[in-house]
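Engineer: Sharing a structure, written as structure tokens. Questions coming.
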Amino acid sequence: MKKLIKVHVIGGARPNFVKIAPLLKLLDSSKFFKVIFINTGQHYDKNLSDNIMRDLSLRKPDLNIGVGSGSHIYQISTIMKKYEKIILTTKPNLVIVFGDVNSTVAAALTAKKMGIKVAHIEAGLRCYDDDLTEEINRRITDSLSDYLFTPSKKESDNLKKENIQGKIYLVGNIMIDSLEFFFKKKRSSKTLSNHFDGLMTFHRPENVDNKIKLGKLIKEIKKWTKKYKIIFPVHPRTLSSLRKFKFEKDILNNTNLIQTGPLSYNDFLIHMKNSKFIVTDSGGIQEESTYLGVPCFTVRKNTERPITISKGTNKLVKLEEVNSLLTKVKKKKIKISMWDGRTSLRILKFLEKIYCKDFTFEK
Ligand code: UD1
């Protein structure tokens, strides 16, 4: 008789929790795995972590590393030091990491250095631009992972081109599992106005940490809101730049700009679904808007999610192009292979195949 397979599931920032929720539920109910859910604490604000866990019916983490904010080097090195101790005491057989945030690369590198197998969910995404810090996190995590679960053929091919050593499994897009779960129930939101046209988010360092770029964004927002009422959930990073560069008053007295703090998953998805358009620099929103058929303008030079452009409703744009594009928006429903709500189940089946084939287990 063998013991249960001990698995660590690592989350730290808002987008991680969306990807963790569907898989954690399956792993928790599997008779083969014993899971420890670890939150690194990279995101600690209620709206960036607690509320999203509530809306996704994600259970409370078993452990919290409590890293908080700081430079990337601080975050990664602190998580590594603290996570080493957790690995030494809990001795997992497998560590599962998600996406491309600092917590992902920190946990993956620690585990690998300590001889523990690593599985990366949402592997193989590439924008081939190291100015985006997430690209560095992705490449390092993929290069050392033993099992790489990819969302589409394109990402599997990216990994093959890099001669990645780990085993590649094409499983589909796990974020869609959460969307399917969410929209199965009738949902409503009391928080914000129902009378609005679009939704906008900006939080990437390259857009909001630079005074000139942020100033340009404010100027464009003024143009957009002459014609459209737009909801703007402000990420803490963006808020701190607006304050630092004294731009707050420029957007405060604009009745067509509905400013809020970061929205809960519930409120965000409902408002995204009801939007005529979205303007963003986020990664995940490009996929969520494609799933919902809402035109999305992504203010970036490149994207690691090309399927949202070739098959979806997403368009890469320059900031100054947005104003004229907003007049031509049209919603359209889209179907993409393996965006079916069953990705987490496929991952579970692969993990069972890898770990459980000729064992009998005891609880
Ligand atoms: C992180 C991810 C990014 C992801 C985003 C989603 C990295 C490198 N970046 O960016 O890929 O798209 O999350 O939100 O991992 N802060 C708070 N409260 C919090 C967390 C952060 O006020 O709960 C503030 C702090 O001032 C902090 C800043 O936001 O310095 C940035 O937070 P950080 O976790 O470093 O990166 P994000 O910009 O959130």
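Engineer: So how strong a dipole does the range 124-266 carry about its Cα centre when Lys and Arg Cβ are +1 and Asp and Glu Cβ are -1, to the nearest 20 debye?
Structural biologist: Details: 28 positive and 18 negative charges, 183 e Å.
In debye, rounded to 20, the range 124-266 gives about 880.
Engineer: Among the trypsin sites (Lys or Arg not before Pro) in the range 41-105, which ones are in a DSSP loop with at most 15 other Cβ atoms within 10 Å of the Cβ? Mind listing them?
Structural biologist: On the way: sites: LYS46, ARG54, ARG59, LYS81, LYS82, LYS85; in loops: LYS46, ARG59.
Here the sparse-neighbourhood loop sites are LYS46, ARG59.
Engineer: Still on this model: What number do you get for the range 298-355 when its Cα radius of gyration is normalised by 2.2 N^0.38 Å, N = residues? Don't skip to the answer; put the middle values down first.
Structural biologist: On the way: Rg = 17.0 Å, N = 58, 2.2 N^0.38 = 10.3 Å.
It is 1.65.
Engineer: If amide hydrogens are placed 1.01 Å from N in the peptide plane, which non-local residues have theirs closer than 5 Å to the one on GLY66?
Structural biologist: GLY41
Engineer: Okay, next question. Ordered by residue, what ³J(HN,Hα) values in Hz, to whole numbers, does the range 258-272 give under the Karplus form 6.51 cos²θ - 1.76 cosθ + 1.60, where θ = phi - 60° and Gly and Pro are x?
Structural biologist: For the range 258-272, the Karplus curve yields 8, 8, 9, x, x, 7, 5, 4, 3, 5, 5, 5, 5, 6, 5 Hz.
Engineer: Checking the cross-link filter: which lysines have an alpha carbon closer than 16 Å to that of LYS185, excluding same-chain neighbours under 8 positions apart?
Structural biologist: Within reach: LYS273.
Engineer: Moving on. Which value does Rg/Rh take for the range 214-294 over its C-alpha atoms, Rh per Kirkwood? Can you show the working numbers first?
Structural biologist: Values: Rg = 13.0 Å, Rh = 13.6 Å.
Reported Rg/Rh, Kirkwood definition of Rh: 0.96.
Engineer: For LEU170, what residues show an amide H to amide H distance below 5 Å, using hydrogens built from the backbone and excluding near sequence neighbours?
Structural biologist: THR150
Engineer: Dipole of the chain (Lys/Arg Cβ +1, Asp/Glu Cβ -1, origin at the Cα centre): which of ASN137, ILE285, THR238 lies farthest to the positive side?
Structural biologist: Projecting each Cα onto the dipole axis, the largest value belongs to ILE285.
Engineer: Another question about this same structure. Tell me which residues come under 5 Å, amide H to amide H, from LYS34 once H is placed; ignore anything under 5 positions away on its chain.
Structural biologist: ILE5, LYS6, VAL7
Engineer: Once phi is turned into θ = phi - 60°, what whole-Hz ³J(HN,Hα) does the Karplus curve with 6.51, -1.76 and 1.60 give for every residue of the range 150-156, x standing for Gly and Pro?
Structural biologist: So the J values, rounded to whole Hz, are 9, x, 8, 4, 4, 6, 4.
Engineer: Next up: Select from LEU4, PRO22, PRO151 the residue farthest towards the positive end of the dipole of the chain; place +1 on Cβ of Lys and Arg, -1 on Cβ of Asp and Glu, and compute about the Cα centre.
Structural biologist: The listed residue farthest towards the positive side: PRO22.
Engineer: For helix 133-144, report the angle its Cα long axis makes with the longest principal axis of the Cα atoms of the chain; keep it between 0 and 90° and round to the nearest 10°.
Structural biologist: Taking the Cα atoms of the chain, the angle to 133-144 is about 20 degrees.
Engineer: Dividing the convex hull volume of the Cα atoms of the chain by its residue count, what figure in Å³ per residue is obtained? Kindly include the intermediate steps, with their values, before the conclusion.
Structural biologist: On the way: hull volume 47.3 nm³, N = 363.
Value for the chain: 130 Å³ per residue.
Engineer: Let me ask something else. Take the eigenvalues of the Cα gyration tensor for the range 153-265, scale each by 5, and report the square roots as semi-axes in whole Å, largest first. Don't skip to the answer; put the middle values down first.
Structural biologist: Details: eigenvalues 236, 103, 29 Å².
With the √(5λ) rule applied to the range 153-265, the semi-axes are 34, 23, 12 Å.
Engineer: Okay, moving on. What does the convex hull of the alpha-carbon atoms of the range 145-204 project to on average, in nm²? Each step should come with its number before you reach the end.
Structural biologist: Values: hull surface 28.9 nm².
Average projection, Cα convex hull of the range 145-204: 7.2 nm².
Engineer: Quick one: putting +1 on the C-beta of Lys and Arg, -1 on the C-beta of Asp and Glu, what dipole do you get for the chain around its Cα centre, in Debye to the nearest 20? Spell out each step's value before the answer.
Structural biologist: Working: 67 positive and 37 negative charges, 160 e Å.
Computed about the Cα centre, the dipole is about 760 debye.
Engineer: Follow-up. Can you give me the three principal axis dimensions of the range 31-151 from its C-alpha atoms, in Å, biggest first?
Structural biologist: 35, 33, 29
Engineer: With just the Cα atoms of the range 123-169, tell me how far they stretch along each of the three principal axes, in Å, largest first.
Structural biologist: Projected onto its principal axes, the Cα set of the range 123-169 covers 28, 20, 16 Å.
Engineer: Tell me the relative contact order for the chain as a rounded percent, counting alpha carbon contacts under 8 Å between residues six or more apart. Spell out each step's value before the answer.
Structural biologist: Values: 672 pairs, mean separation 62.1, N = 363.
With pairs under 8 Å counted, the relative contact order is 17 percent.
Engineer: Along the positive direction of the dipole of the chain (beta-carbon charges: Lys, Arg +1; Asp, Glu -1; about the Cα centre), which of ILE76, TRP339, THR90 reaches farthest?
Structural biologist: The Cα lying farthest towards the positive end belongs to TRP339.
Engineer: Mean shadow of the range 212-252, computed from the convex hull of its alpha carbons, in nm²?
Structural biologist: Numbers: hull surface 11.4 nm².
It is 2.8 nm².
Engineer: Let me ask something else. Using the C-alpha atoms of the range 75-226, what convex hull volume per residue, in cubic angstrom, is computed?
Structural biologist: Values: hull volume 28.1 nm³, N = 152.
Taking the convex hull of the Cα positions in the range 75-226, it is 185 Å³ per residue.
No lab work stands behind these numbers, since they all come straight from the coordinates. No experiment lies behind these values; they were computed from the predicted model shown. Because the Cβ atoms are built from the backbone with ideal geometry, glycine has one as well, and the counts that use them run over all protein chains shown.
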